[in-house]
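Novice: Below is one structure. I have some questions about it.
Every read-out reported here was derived from the displayed coordinates using simple, explicitly stated rules and does not represent laboratory data. Note that the coordinates shown come from a computational prediction; the quantities given were computed from them, not determined experimentally. Methodologically, a virtual Cβ is constructed for each residue, glycine included, from the backbone with ideal geometry; neighbour enumeration extends over all protein chains shown.
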Amino acid sequence: MTVRTILKYPDPGLSEPCGPVEAFDAALGTLAHDLLDTMRAASGVGITAAHIGVFTRLVVLELSKETGPRFYANPEILSFSAETMRHMEGSVSMPGATEEVERPRKIRFRYQDLGGAFHEEDAEGFYAICMQHEIDQLDGVFWLKRLSRLRRDRLIRKWEKGK
């Protein structure tokens, strides 16, 4: 497959909401595997089609080499826990920048696989955090928007100095 160019912050495409995947065909499979290769080349654990400028609701996660990659078309959160957790987050679109973000500890979500079949799943901990992070991106919410203005501005200044 192909390693694609990743949009870099502050590209306006990173604030673009994505439309649904409608065709579950060979082109979707190619896009999914291009995303996987691109994510691995960037040393990430998650990526969306939006990160490469394709504004369709497709996510790839590879949380460990043991579990391997997973592909999610049209993911949506159905419910989330009141209990939260804090975790360091970053983005393949902003390499080297990380900050602690608070999110619900558990979620239930629905998605389609690359063949179009629907699934519902519970996620907890790191898995839940990653899925929420990527669904935010599909909704046009870049992860920096989850930070306070002070923390966001400080991180952006630090990141811009290091570029």
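Novice: List the aspartates and glutamates whose Cα lies under 15 Å from the Cα of residue 8, skipping any in the same chain that are fewer than 8 positions away.
Specialist: 16, 160
Novice: Something else about it: Skipping prolines and chain starts, which residues have an amide H placed within reach, meaning under 5 Å, of the one on residue 85, given they are 5 or more residues away or on another chain?
Specialist: 103, 105
Novice: So what is the relative contact order for segment 1-56, in percent, with contacts set as C-alpha pairs under 8 Å and at least six apart?
Specialist: Across segment 1-56, relative contact order equals 54 percent.
Novice: Still on this model: What list of ³J(HN,Hα) values in whole Hz, one per residue of segment 71-83 in order, does the Karplus curve 6.51 cos²θ - 1.76 cosθ + 1.60 (θ = phi - 60°) give from phi, with Gly and Pro shown as x?
Specialist: For segment 71-83, the Karplus curve yields 10, 9, 9, 6, x, 8, 7, 8, 7, 8, 7, 6, 6 Hz.
Novice: Still on this structure, please answer the following. For the chain, calculate the relative contact order in percent as a whole number, restricting contacts to Cα pairs under 8 Å that are 6 or more residues apart.
Specialist: The normalised contact order for the chain reaches 23 percent.
Novice: Run through the DSSP bridge list for the chain and note the antiparallel percent, rounded to the nearest 5.
Specialist: Antiparallel: roughly 95 percent of the beta bridges in the chain.
Novice: So, one more: ³J(HN,Hα) across segment 13-30 via Karplus (A = 6.51, B = -1.76, C = 1.60, θ = phi - 60°), whole Hz, x for Gly/Pro?
Specialist: Once θ is set to phi - 60°, the couplings for segment 13-30 become x, 6, 10, 8, x, 9, x, x, 6, 10, 10, 9, 10, 4, 5, 5, x, 5 Hz.
Novice: Hey, another quick one. With the Cα gyration tensor of the chain in hand, convert its eigenvalues to equivalent ellipsoid semi-axes via √(5λ) and list them largest first in whole Å.
Specialist: 24, 20, 14
Novice: Run through segment 29-104 and list the GluC sites (Glu not before Pro) located in a DSSP loop whose Cβ has at most 16 other Cβ atoms within 10 Å.
Specialist: Qualifying residues, ordered by number: 66, 83.
Novice: OK, next. Using DSSP to call loops (not H, G, I, E or B), can you name the trypsin sites (Lys or Arg not before Pro) in segment 1-77 whose Cβ has at most 15 other Cβ atoms within 10 angstrom?
Specialist: 8, 65
Novice: Quick check on the exposure proxy: order 61, 114 from fewest to most C-beta atoms within 10 angstrom.
Specialist: Lowest to highest Cβ neighbour count: 114, 61.
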